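Okay, so here's the structure we're looking at.
The values are calculated or read from the model by the stated rules, or taken from the named source; none is laboratory data. Please read these numbers as outputs of a predicted model, since none were measured by experiment. Glycine gets a Cβ as well: all are built from the backbone with ideal geometry, and neighbour counts include every protein chain shown. Quick note on the areas: whole protein, heavy atoms, side chains included, nothing else; ligands and nucleic acids left out. Shrake-Rupley method; radii C 1.70, N 1.55, O 1.52, S 1.80 Å.
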Amino acid sequence: MQASEIAARARKRGRTPPTDITDPQYFHKVVDCQWACPTHTPVPEYIRLIAQGRYTAAYMLNWESNVFPGILGRVCDRPCEPACRRGRIQVGDEGNAKDPSKKNAEPVAICRLKRVAADYKGEIDSLLPPIPAQKNGKRVALIGAGPASLAVARDLMPLGYDITLYERDPVPGGLMRTNIPSFRLPASVLDEEVGRILDFGVKANFGAEIKSMKKLLGEGYDAVFVGTGAPKGKDLELTGRKEAAANIHIGIDWLTSVAFGHVEKIGRRVVVIGGGNTAMDCCRTALRLGAEAVTVTVRSPRKVMKASDWEIKDALHEGIPILDNHAPKAFVVKDGKLAGVTFEKMVEKGVDAKGRPKLEPSGELVTIDCDDVLMAIGQENAFPWIERDIGMTFNEWGQPLVDRKTFMSSVPGVFFGGDAAWGPENIIWAVSHGHQAAISIDAYCHGRSLVDRPKPGHTLVSQKMGIHEWSYSNNYDPQKRQAVPHAALEVSLRNLKLEVELGFDDKIAAREVERCLNCDVQTVFTDNLCIECDACMDICPVDCINFTENDDEADLRKELRVPALNKSQDIYVSGPLKTGRIMAKDEDVCLHCGLCAERCPTGAWDMQKYAYAEAQASSACLAHHNAYLSA
């Protein structure tokens with residue numbers, strides 16, 4: 001009987017069906033960090049490799065999925081860390097930068113460990129996929145040299161594609177280079193990881209801005225990928241804007257000018273308007289260009305600022321005040337020059353339909369004197385170079401309609417990804433888009449269906465070495481998250497190019513890796529071996545194992561010894577046992593400690609490592625992943 005049929009019958013009887021652990025996404029979801037990562041990097045596996053001192057292997061596992069380990073190990077938005085199981089069981093002493101009344105969770109420092117793999121890697125040239133000298137006859141144009149386009153190039157070059165890249169700037173990297181300050185992302189790191197892809201044989205044209213999609217389509221390319229980012233910064237048309245234009249700067253444009261050395265100083269007093277990561281980069285950059293007083297203003301309460309907690313914390317550490325609930329009303333002009341910004345203070349009046357604070361004007365006005373303003377209130381796409389008569393469908397905001405599964409626009413063979421697809425996100429999402437777009441481009445160029453996506457690879461392998469011995473370390477280490485060393489403020493604030501975060505050395509990394517709970521090593525239950533002695537239930541340190549009567553899922557969740565109230569996490573349900581009861585385990589709180597398997601007298605519980613890899617256009621780009629999948 002098929003699993004789907006068993007599930008249907010169970011639901012018809014008002015029961016929760018047995019969990020189908022053959023579904024590749026079931027245990028993938030249990031590995032919360034990998035599931036949360038847009039490129040599904042096998043986090044626990046590369047952390048174990050770091051623990052073994054195998055930095056090169058750890059780097060390659062990262063490179064195959066996220067393409068830019070050294071870059072992302074510094075500036076990733078880290079969606080993996082809020083998902084980390086360790087953060088659900090360990091809270092530190094540090095107050096949250098957005099809401100100081102809350103203490104920060106302490107997940108494993110996944111992002112900074114990625115940097116360790118990059119900093120300590122050895123020679124990797126021999127491990128890169130071979131690029132065929134004989135091309136496959138298909139030509140692809142990439143517009144923009146940001147992370148999405150580079151990921152497409154990385155995936156397609158091993159398949160023999162002839163890739164031509166067009167970039168309006170004189171150097172590659174896109175917004176990674178122009179909008180992330182060098183004190184966060186050194187140019188040497190960017191050059192190394194971007195150059196590695198270009199060295200595959202990409203025909204790169206720098207300083208070559210595409211001004212007509214129609215003209216490009218007429219050049220006979222088999223496919224075109226648009227990865228131009230979201231290059232247009234939003235503006236505020238307030239009183240005084242035109243008169244003070246010389247000293248009011250759009251944040252992303254200003255950061256670009258700084259990156260290319262066109263701007264080397266700024267006024268003594270600076271106001272930054274905006275609460276995202278770009279605003280944090282602007283205010284910290286202004287300090288390094290000589291500003292004596294930098295103030296960040298945000299219209300919303302700090303607790304809902306878009307900037308990451310750690311970005312806010314770094315700005316505060318450098319002495320930059322953040323004034324929330326300040327809505328800009330006018331630019332103050334004196335003698336034809338910017339003199340300040342007038343704000344109206346906002347007050348919270350409950351929450352709106354989306355649960356965000358509802359703000360109302362208080363009527364109280366305040367003016368902050370300043371010499372320059374940096375506006376970082378958002379970015380948007382801009383496609384004036386795409387003609388409206390080429391058959392491309394645009395939405396009401398003037399953005400091309402892009403299929404979210406195939407990444408193809410309404411013009412066959414024209415694909416979008418990264419910020420250019422649906423607006424600003426981040427680097428790791430751009431890489432994910434690049435992988436999926438490359439699959440579609442390869443399928444399109446060879447006449448295959450774009451909708452039928454290739455399946456992921458996965459294996460489930462026992463870690464048993466003896467009766468109660470495992471091939472991985474399952475000891476719980478109670479130590480707190482390791483702090484990342486920083487350069488001294490008196491030095492870093494005087495040098496725009498000095499990297500602020502120094503990263504973990506091998507000794508700090510060795511302590512941090514021990515905090516990983518090995519969530520990819522799954523507790524696998526075989527119901528026909530169970531004698532219902534309840535020994536596993538007794539020894540479980542978090543009471544997540546239950547032997548109980550079956551019920552529909554909503555009631556079953558409530559009836560567990562510790563109710564499973566987090567519905568975003570699954571419960572693992574067995575088939576009927578000899579007494580008619582079932583085993584139900586709450587995946588949300590399981591520590592993967594293996595005590596249940598060690599205590600079980602019949603081997604009904606086993607610890608089995610789950611390896612998972614998303615499919616890519618070229619299997620040559622998954623050589624190290626495949627080694628684990630076939631292990």
Open item on the list: Being assigned to a helix (DSSP H, G or I) and open to solvent by 10 Å² or more (accessible area, probe 1.4 Å) is the filter here; which residues of segment 124-158 pass it?
Closed with: D125, S126, L127, P147, P158
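Say whether the condition of being modelled with pLDDT of 95 or more, open to solvent by 50 Å² or more (accessible area, probe 1.4 Å) and over 27 Å from D281 (Cβ atoms) is met by at least one residue in segment 335-346.
Within segment 335-346 (the criterion being modelled with pLDDT of 95 or more, open to solvent by 50 Å² or more (accessible area, probe 1.4 Å) and over 27 Å from D281 (Cβ atoms)), the answer is no, since none of the residues qualifies.
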TODO: From the list E311, E387, E396, pick out the single residue that is out of contact with any strand residue (DSSP E or B) (no Cβ under 9 Å at 6 or more places or on another chain) and buried (at least 19 other Cβ atoms within 10 Å of the Cβ).
DONE: E311
TODO: Go through the residues of segment 325-343 one by one and say whether even a single one is within 30 Å of N104 (Cβ to Cβ) and under 27 Å from the mean Cα position of the chain (by Cα).
DONE: no
TODO: Kindly indicate whether any position in segment 527-543 is β-branched (V, I, T) and part of a helix (DSSP H, G or I).
DONE: yes
TODO: Scan segment 408-426 residue by residue and report those that are assigned to a loop (DSSP other than H, G, I, E, B) and among the charged types (D, E, K, R).
DONE: E425
Open item on the list: Restricting to segment 254-284, count the residues that are out of contact with any Lys or Arg (no Cβ under 8 Å at 6 or more places or on another chain) and surrounded by 17 or more Cβ atoms within 10 Å (Cβ to Cβ).
Closed with: 18
Open item on the list: Suppose we keep only residues that are surrounded by fewer than 20 Cβ atoms within 10 Å (Cβ to Cβ) and touching a residue at least 24 places away in the same chain (Cβ under 8 Å) within segment 99-110. Which one would you say is nearest to K480 (Cα to Cα)?
Closed with: N104
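Looking at this structure, is E209 under 30 Å from K497 (Cα atoms) and not polar (S, T, N, Q)?
Yes: the conditions hold for E209.
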Open item on the list: Against the conditions (1) over 23 Å from Q436 (Cα atoms); (2) assigned to a loop (DSSP other than H, G, I, E, B); (3) under 29 Å from the mean Cα position of the chain (by Cα), where does M607 fall short? Just the number, please.
Closed with: (2)
Task: Flag for I428 being in contact with a Lys or Arg (Cβ under 9 Å, 6 or more places away or on another chain), of a type in the set (A, V, I, L, M, F, W, C) and farther than 30 Å from R581 by Cβ - done: yes
Task: Hey, S432 out of contact with any Cys (no Cβ under 6 Å at 6 or more places or on another chain), in a loop (DSSP other than H, G, I, E, B) and either closer than 11 Å to V226 by Cα or open to solvent by 10 Å² or more (accessible area, probe 1.4 Å) (or both) or not - done: no
